[in-house]
Amino acid sequence: MLGVAASAWLGSHVCFWLLPNVFETWNAQTIDQLFALRNRIERLRPAYDNTIVHVDLDNNTIQRLQTFYLDRSHYAQVVRNLATIGVAAQVYDFIFAARAKSADEDQAFIEATRAAGQVYFGLALALDRAGQATQRQQPSRLEDQRYVERTAWSLTVQGDASGLYTGTDPVNTFVDLATAARGLGYLSSTSDRDGVLRRLPLVVRYKDAFYPSIAFRVMCDYLGVPPARIVVVPGRHIRLQGARRPGATAARDIVIPIDRRGSMLVNYVGAWERLQHVPLERIVLASKDRVDLELLQEDLAGKIVVVADVSTGTSDVGAMPLDANFPLSGLHSNIMHTILTEQFLRELSESEMLVVEGLLLGVLWLLAWRCRSVTFALGASGLALGYVTLAVLGFLFGHVTTNLIRPLLMLGAATGAIVIQRYVAEEKARLEGLRQRDFVRDTFGRYLSPDVVEELLDSPTGLTMGGEVREITLLVSDLRGFTSLAARLSPPEVIAMLNRYFERMIDVIAHYRGTVDELQGDGMLTFFGAPFAAPDDPERAVACALALQLALIEFNDAQRQRQLPELAMGIGINTGAVIVGNIGSLKRSKYGAVGTAINTAYRIESHTVGGQILISPSTYERVRSLVRVRSTMQAQFKGLEQPVTLYDISGLGPPYHLALPDKTQAPLVTLSTPLPMACFGIEGKIVADTPLPGTVLRLAGAHAAEAMLAGAMAAYSNVKLRLEPAGRAPLTDVYAKVVTSESRSPQETLVHLEFTALPDEAQAFLQRASQGESHSSDRATPAPAESSQSI
């Protein structure tokens with residue numbers, strides 16, 4: 001990030017160095033807008049000192065004097081009348097380079113100038129700034145060069161003066177008039193790259209000495225500062241030692257800020273109209289009107305008068321920040337006014353700007369280090385706005401100008417680069433995060449519910465070990481007789497069938513916003529209420545169970561079309577408090593639940609037969625207003641003294657509108673010859689080694705049977721049967737569930753069985769035995785031990 005900031009700083013400087021006409025001009029024009037802003041608001045304008053007054057040769061002067069060109073006699077009259085009025089200085093923005101045709105007029109002009117003693121005329125110098133040197137109007141004369149050499153100043157220079165402008169090829173007011181005057185100063189001006197006059201060199205080098213601008217020459221004489229008390233420090237200031245205004249008692253130094261070329265920024269007080277103006281014809285005619293002369297004495301006595309031609313068509317105009325056609329005499333007036341009022345504009349030096357830019361980059365780096373991208377961008381914008389605000393306030397109230405564009409260019413480049421760098425880094429991180437998220441979804445989404453996966457991905461604490469106590473509803477489902485069915489199929493067929501089954505079932509669970517916690521073989525454990533709880537969790541669990549059974553009916557239709565065995569599923573539901581959360585270690589963990597409510601749900605499911613849904617009392621209490629109950633049964637759970645009532649659910653009312661189809665149970669048919677069998681109890685997945693002998697007394701096709709066992713067998717037990725018909729090989733791998741168990745004697749138990757898994761051979765045999773051995777149509781409804789009417 002520091003490299004980005006340094007590159008932005010270097011880039012902004014390179015832009016100003018390579019394209020100064022673009023960027024320096026842009027910056028200068030921005031400063032011009034501050035002049036315009038200040039000029040529009042009266043309270044912000046600099047105070048105007050009317051010591052400096054303009055005497056204008058304008059169109060009215062030409063009309064009243066009835067001459068298009070004023071001759072030297074007119075100017076002689078102006079000099080005499082202004083001297084009579086008592087002005088402190090007469091500054092003529094003219095170069096009277098040649099003598100007039102009339103020697104008498106020249107002589108009158110010379111004598112009036114010598115008598116006045118405070119008249120200044122101009123001269124022109126070619127300045128050596130490449131491409132912007134002032135072009136002289138005529139070749140330099142030897143007498144002009146000698147005059148300039150004779151009147152040049154010897155100044156004290158501290159530092160390197162090589163950067164100061166060098167004046168060459170002078171064009172003077174002719175020597176006799178120049179000698180009669182108080183002195184000459186150059187009128188040559190320098191504009192910036194865009195042609196706007198913003199600064200003027202106060203002194204230029206001329207051979208081994210220096211020559212002042214006319215405005216600087218006049219001000220030094222007005223303030224009583226001879227060349228010996230002028231100290232020039234290029235790039236910093238010009239010091240006028242012991243300066244004192246006429247009438248003042250105390251003298252003090254005036255320090256004028258200059259650049260390395262000796263130029264002073266002109267602090268324009270406003271547009272041309274803000275200066276005090278007197279028409280030239282009034283001065284010319286004042287000698288004929290004593291009253292007006294006295295009025296002029298009241299207005300102009302002791303003031304510095306600048307006489308200039310501002311008539312239509314004059315070429316002596318140029319662009320300044322507030323006016324594209326500003327009379328150049330106003331440039332010299334504004335320079336004198338700036339020195340007189342000491343309202344100098346100070347431009348921050350390069351070393352000071354480096355400090356400012358360093359501070360700005362430091363704050364920007366701090367923002368980038370501490371803030372996010374959006375906050376950083378807003379902070380960078382605020383930093384730029386703050387800098388502009390300080391620059392504007394510094395100009396309006398502190399008379400300080402700064403480089404506005406370069407720091408903003410630097411901040412913009414640095415901000416853009418940092419934002420792009422961050423975007424690239426964040427995009428890489430985002431893509432890497434998406435890749436990891438996709439990997440997690442692909443890896444774990446097959447085993448966990450989408451809700452759990454999303455919580456693990458989105459929550460900062462999603463992978464934190466630990467849990468919380470929460471009431472949830474648990475749904476346990478299991479396929480009946482799938483173990484024996486799988487033994488008759490090839491492994492690929494078993495896996496393909498299971499995958500189709502789970503895909504269909506998990507889609508249903510996802511629709512009802514359940515969380516599949518475990519897939520165990522052909523069974524599933526599903527949560528409702530974790531990780532996200534809702535008031536209708538028990539209702540959705542029951543609705544999900546009904547939808548699962550209905551989906552299995554459709555699944556079996558597809559199985560029949562594939563000529564594959566059908567599946568039967570039992571579902572148990574329980575609601576209770578468990579501990580849910582991430583269980584395991586940081587290396588291997590899972591989102592799961594711990595609690596007795598889970599064991600209860602598994603026990604409830606173990607009492608189901610295919611197509612049945614049993615719910616616990618705790619779940620029933622929460623859904624009793626919606627569910628339809630086919631029957632109830634009493635189940636004795638291990639560890640509980642009292643039996644538990646289980647509810648066989650057949651449907652759910654609005655808004656779910658779900659119902660299971662009515663069961664059509666074939667009648668039990670008494671066999672003419674009881675069918676011998678052996679009954680093996682199953683505990684969990686373990687088949688008992690020792691069977692109970694028994695006989696099948698009645699059959700309901702390949703669905704149910706009634707048998708007598710030579711021993712005790714509890715209701716809801718899962719059993720494996722070996723049928724032993726006479727005259728043929730035994731039929732094995734017949735699985736069933738004990739629906740009811742009735743003890744007839746200590747050695748005999750009458751049980752009602754529902755088959756859960758039958759080999760094809762056994763199924764065909766039972767169907768034939770049920771039909772071929774029929775002697776009666778005794779019905780025995782395979783009801784549980786206790787029934788109640790449907791709700």
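The values are calculated or read from the model by the stated rules, or taken from the named source; none is laboratory data. All figures in this text were calculated on a predicted structure; none of them were measured in a lab. Ideal geometry is used to build each Cβ from the backbone, glycine not excepted, and the neighbour counts take in all protein chains shown.
Of note:
- Filter result for the condition that a residue is at pLDDT 90 or above, among the β-branched types (Val, Ile, Thr), under 24 Å from residue 478 (Cα atoms) and surrounded by fewer than 19 Cβ atoms within 10 Å (Cβ to Cβ), over 645, 695, 664, 690: 645
- Exactly one residue out of 270, 358, 302, 330 is out of contact with any strand residue (DSSP E or B) (no Cβ under 7 Å at 6 or more places or on another chain) and in the same structural domain as residue 397 (by TED's automatic domain parsing): that is 358.
- Looking only at residues in segment 249-296 that are part of a helix (DSSP H, G or I) and among the charged types (D, E, K, R), the one that is surrounded by the fewest Cβ atoms within 10 Å (Cβ to Cβ) is 273.
- Considered as a group, the residues in segment 721-749 that are of a type in the set (D, E, K, R) and at pLDDT below 90 include one that is nearest to residue 768 (Cα to Cα), and that residue is 728.
- Answer residue from segment 387-419, given it is among the polar types (S, T, N, Q) and in a helix (DSSP H, G or I) and is surrounded by the fewest Cβ atoms within 10 Å (Cβ to Cβ) among those: 389
- Unmet criterion (only one of (1) farther than 23 Å from residue 198 by Cα; (2) in contact with a His (Cβ under 9 Å, 6 or more places away or on another chain)) for residue 377: (2)
- Number of residues in segment 662-683 that are touching a strand residue (DSSP E or B) at 6+ places or on another chain (Cβ under 9 Å) and part of a loop (DSSP other than H, G, I, E, B) equals 6.
- Those helices (runs of 4 or more DSSP H) lying entirely in segment 126-244 with at least 1 residues in contact with a His (Cβ under 8 Å, 6 or more places away or on another chain): 214-222
- Residues being more than 30 Å from residue 599 (Cβ to Cβ) and surrounded by 21 or more Cβ atoms within 10 Å (Cβ to Cβ) - total across segment 667-687: 4
- So residue 236, is it surrounded by fewer than 20 Cβ atoms within 10 Å (Cβ to Cβ) and closer than 14 Å to residue 342 by Cα: no
- Whenever a residue of segment 617-646 is in contact (Cβ under 8 Å) with a residue 12 or more places away in the chain and closer than 14 Å to residue 572 by Cβ, its partners that are surrounded by 13 or more Cβ atoms within 10 Å (Cβ to Cβ) and of a type in the set (Lys, Arg), lying with C-beta atoms within less than 8 angstrom and at least six residues away or across chains, give the pairs 635/603; 637/603.
- Within segment 282-317, tally of residues that are among the charged types (D, E, K, R) and within 19 Å of residue 65 (Cβ to Cβ): 5
- Candidates 375, 338 - the one that is assigned to a helix (DSSP H, G or I), among the polar types (S, T, N, Q), at pLDDT 90 or above and at negative phi: 338
- Breaking point among (1) of a type in the set (S, T, N, Q); (2) buried (at least 21 other Cβ atoms within 10 Å of the Cβ); (3) over 52 Å from the mean Cα position of the chain (by Cα), for residue 619: (3)
- Enumeration of residues in segment 75-125 that are touching a Leu at 6+ places or on another chain (Cβ under 8 Å) and without any contact (Cβ under 8 Å) to a residue 40 or more places away in the chain: 116
- Tallying residues that are in contact with a helix residue (DSSP H, G or I) (Cβ under 9 Å, 6 or more places away or on another chain), outside any loop (DSSP other than H, G, I, E, B) and of a type outside the set (Val, Ile, Thr) within segment 55-92 yields 19.
- When segment 97-117 is filtered for residues that are buried (at least 22 other Cβ atoms within 10 Å of the Cβ) and more than 20 Å from residue 222 (Cβ to Cβ), the ones remaining, listed by number, are 109, 112.
- Test: residue 639 is surrounded by fewer than 20 Cβ atoms within 10 Å (Cβ to Cβ) and modelled with pLDDT under 85: yes
- Some residue of segment 754-768 being over 13 Å from residue 719 (Cβ atoms), part of a strand (DSSP E or B) and modelled with pLDDT of 85 or more: no
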